[in-house]
Amino acid sequence: MNRILLRDVGLRDRRADVAVSADGRIAAIGALRPRPGDRVVDGHGGALLPGLADRHVHLMALAASLDSVDCGPPAVRTADRLAAALRAPTNRAWIRGVGYHESVAGPLDRDRLDAFVAARPVRVQHRSGALWTVNSAGARFLGLDDPGPPLPAGVERDATGRATGRLWRLDGWLRERLGPAEVPDLAAVGRLYASYGVTALHDATPDLPDDTAAELTCAARDGRLPQHLTLLGAPGPGPQPYKLLPSDHDLWPYDELLHRVRTARGSGGRPVAVHCVTREALILTLVALHEAGPVPGDRIEHAAVVPPELHADMRELGVHVVTQPVFVAERGDTYLAEVDPADLPHLYPYASLLAAGIPVSASSDAPYGSPDPWAAVRAARDRRTPAGRVLAPAERVAAATALTGLLARPAVRPGDDADLCLLHVPWQAACEAPDAALVRMTLRRGETAYGEAPE
């Protein structure tokens, strides 16, 4: 690879030229002259960012969702539309639906799904990611009604002992029961994220099976995922946090949570990334972190409800909040209708956490939220629901603040890997109208992952 010269690009404090060496690092910044053989890109003053990061995504689920039936708002809002979507022609053995919410057709169970599709196995995932529901054909395939060894506790049963078709937090078990399947197209995910200017991904899937971790790692090495990859759910030592996922519906006893935090710490002091969507879960987590002893890198995932009285503890522990403002834009009307009014002012907070000295980064939780980081910037700035109402307006932050929180590194610096995002417009213009269409080029270690090839 020849050297790349990015001419007249906008850095945060100036316009300059940036040279990318043949080994994929930022070689120099300043007023630079082209050398023979340089590949030259004229930035025309467009902002050059150090690449964006999605710090909470579920890559296999996202890849699968790109080839699944959309079963929830805004695409599907009625039972009739849901039935039509599930009955659409497909060559796959299973009909796989995603994004379902009860506002479409009420709570699903096997009988409700049988009314839509009875002849073929169907599985539909709730938009929370916590629940799969299968129809009777799917239940037969999975052996939910067979006598034999007990099934996991997440297989829900009615008062008569019959399986309802509802499977809680059983993704790993479901994968085993389904048997060997075609690996989802991770290259499509890599291309999508590159088009957004994303150069770093944190997969937040808990308890990653060895084969899944190996496939994701392989995809990052062979270029299907042209992003730096961090696996929060991979066991063992490492500087990255270890993902812990207490159930939203049945919180772990405190002793179990504390044991898991201490186990993750091990001998190397590994940080943890704890799923917290209720104030009770957050309180338990903070107490456990105090007792186990905090370490740099501890994270709170989602932090969906954070009353102000917890700010001081969070600041003292040094936790980093990885939140999803896009949920306000996608689900805000449901929150306004269903969430305890006492929690609404503290729902998916951003501005109050920053004011309290708690670091915050936006993320997607894709496929349960949009993977587009620019949508997250707009959502953090506006906090408007689909109906146009503003949810917790005091938690709005400037677009520049949200975009800064999404950067994989603080700045473009000599010596760093050339993981870069070049925009069509300057920084200020991007903050005034944040949109993925502004991304002109994405470089990963100097290689073009998206956009025009240097001349």
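The values are calculated or read from the model by the stated rules, or taken from the named source; none is laboratory data. Bear in mind the structure is a predicted one, so any value in this text is a computation, not a measurement. Cβ atoms come from the backbone with ideal geometry, glycine included; neighbour counts cover every protein chain shown. Remember, those area values only see protein heavy atoms, side chains included, never the ligands or the DNA or RNA. Shrake-Rupley method; radii C 1.70, N 1.55, O 1.52, S 1.80 Å.
The single condition from (1) assigned to a loop (DSSP other than H, G, I, E, B); (2) in contact (Cβ under 8 Å) with a residue 40 or more places away in the chain; (3) touching a helix residue (DSSP H, G or I) at 6+ places or on another chain (Cβ under 7 Å) that Leu108 fails is (3).
Residues in segment 152-186 that are of a type in the set (Asp, Glu) and out of contact with any Leu (no Cβ under 8 Å at 6 or more places or on another chain) were compared, and the one that is farthest from Asp109 (Cα to Cα) is Glu182.
Kindly provide the set of residues from segment 177-198 that are under 15 Å from Glu215 (Cβ atoms) and open to solvent by less than 50 Å² (accessible area, probe 1.4 Å), ordered by number.
Start the filter on segment 177-198 by keeping residues that are under 15 Å from Glu215 (Cβ atoms), which leaves 180-190.
Across segment 177-198, the qualifying residues are Pro184, Leu186, Ala187, Ala188, Val189, Gly190.
Of the residues examined, Asp435 is not one that is at negative phi, at pLDDT 95 or above, surrounded by fewer than 22 Cβ atoms within 10 Å (Cβ to Cβ) and touching a Ser or Thr at 6+ places or on another chain (Cβ under 9 Å). Considering Ala281, Ala264, Ala288, the condition of being in a helix (DSSP H, G or I) and within 14 Å of Pro239 (Cβ to Cβ) is satisfied by Ala264 alone. Of the strands (runs of 3 or more DSSP E) lying entirely inside segment 1-95, the ones with 1 or more residues being touching a Phe, Trp or Tyr at 6+ places or on another chain (Cβ under 8 Å) are found at 4-10, 52-57. Considering segment 343-368, the residues that are in a loop (DSSP other than H, G, I, E, B) and hydrophobic (A, V, I, L, M, F, W, C) include one that is farthest from Thr401 (Cα to Cα), namely Ala366.
Does Asp67 fit the bill of being touching a Pro at 6+ places or on another chain (Cβ under 9 Å), surrounded by fewer than 16 Cβ atoms within 10 Å (Cβ to Cβ) and of a type outside the set (A, V, I, L, M)? Break it down stepwise before answering.
Numbers: touching a Pro at 6+ places or on another chain (Cβ under 9 Å): yes; surrounded by fewer than 16 Cβ atoms within 10 Å (Cβ to Cβ): yes; of a type outside the set (A, V, I, L, M): yes.
In short, yes.
Of all residues in segment 146-176, count the ones that are open to solvent by 80 Å² or more (accessible area, probe 1.4 Å) and of a type in the set (D, E, K, R).
Filtering segment 146-176 down to residues open to solvent by 80 Å² or more (accessible area, probe 1.4 Å) leaves 146-147, 149-150, 153, 157, 159-160, 162, 169, 175-176.
Right, trim to of a type in the set (D, E, K, R) and you get 146, 157, 162, 169, 175-176.
Qualifying residue count, segment 146-176: 6.
Filtering Ala355, Ala366 for residues that are in contact (Cβ under 8 Å) with a residue 24 or more places away in the chain and small (Gly, Ala, Ser) leaves a single hit, Ala366.
Figure legend. Inter-residue proximity from segment 319-332: first residues under 14 Å from Leu391 (Cβ atoms), second residues surrounded by 23 or more Cβ atoms within 10 Å (Cβ to Cβ) and among the basic types (Lys, Arg), beta-carbon distance below 9 Å, spacing 6+ or different chains. Indicated pairs: Pro325/Arg383; Val328/Arg383; Ala329/Arg383; Gly332/Arg383.
Look at Arg175 and say whether it is among the basic types (Lys, Arg) and outside any helix (DSSP H, G or I). The answer is no for Arg175. Of Asp207, Asp145, all but one fail to be over 27 Å from Thr263 (Cα atoms), in a loop (DSSP other than H, G, I, E, B) and of a type in the set (D, E, K, R); the exception is Asp145.
How about segment 289-301: which of its residues are open to solvent by less than 10 Å² (accessible area, probe 1.4 Å) and out of contact with any Gly (no Cβ under 8 Å at 6 or more places or on another chain)?
First pass over segment 289-301, keeping only residues open to solvent by less than 10 Å² (accessible area, probe 1.4 Å): 289, 298, 300-301.
Scanning segment 289-301 gives Leu289, Ile300, Glu301.
Selection over segment 241-261 of residues that are out of contact with any Pro (no Cβ under 7 Å at 6 or more places or on another chain), in a helix (DSSP H, G or I) and either open to solvent by less than 20 Å² (accessible area, probe 1.4 Å) or in contact (Cβ under 8 Å) with a residue 24 or more places away in the chain (or both) gives a count of 3.
Could you say which residue among Ala75, Ala19, Ala31 is over 28 Å from Val189 (Cα atoms), open to solvent by 20 Å² or more (accessible area, probe 1.4 Å) and either modelled with pLDDT of 95 or more or not polar (S, T, N, Q) (or both)? Give the steps one after another, and end with the answer.
Numbers: Ala75 fails: over 28 Å from Val189 (Cα atoms); Ala19 fails: open to solvent by 20 Å² or more (accessible area, probe 1.4 Å).
On inspection, the qualifying residue turns out to be Ala31.
Just one of Ala411, Ala394 is at pLDDT 95 or above and in a helix (DSSP H, G or I); which is it? The unique qualifying residue is Ala394.
Filtered by the rule that a residue be β-branched (Val, Ile, Thr) and buried (at least 23 other Cβ atoms within 10 Å of the Cβ), segment 373-386 gives a lone residue, Val377. Within segment 346-372, the set of residues being under 17 Å from the mean Cα position of the chain (by Cα), open to solvent by 10 Å² or more (accessible area, probe 1.4 Å) and on the phi < 0 side of the Ramachandran plot comprises Val360, Pro367, Tyr368, Ser370, Pro371, Asp372.
Inside segment 121-139, residues that are touching a strand residue (DSSP E or B) at 6+ places or on another chain (Cβ under 9 Å) and surrounded by fewer than 16 Cβ atoms within 10 Å (Cβ to Cβ) make up a count of 0.
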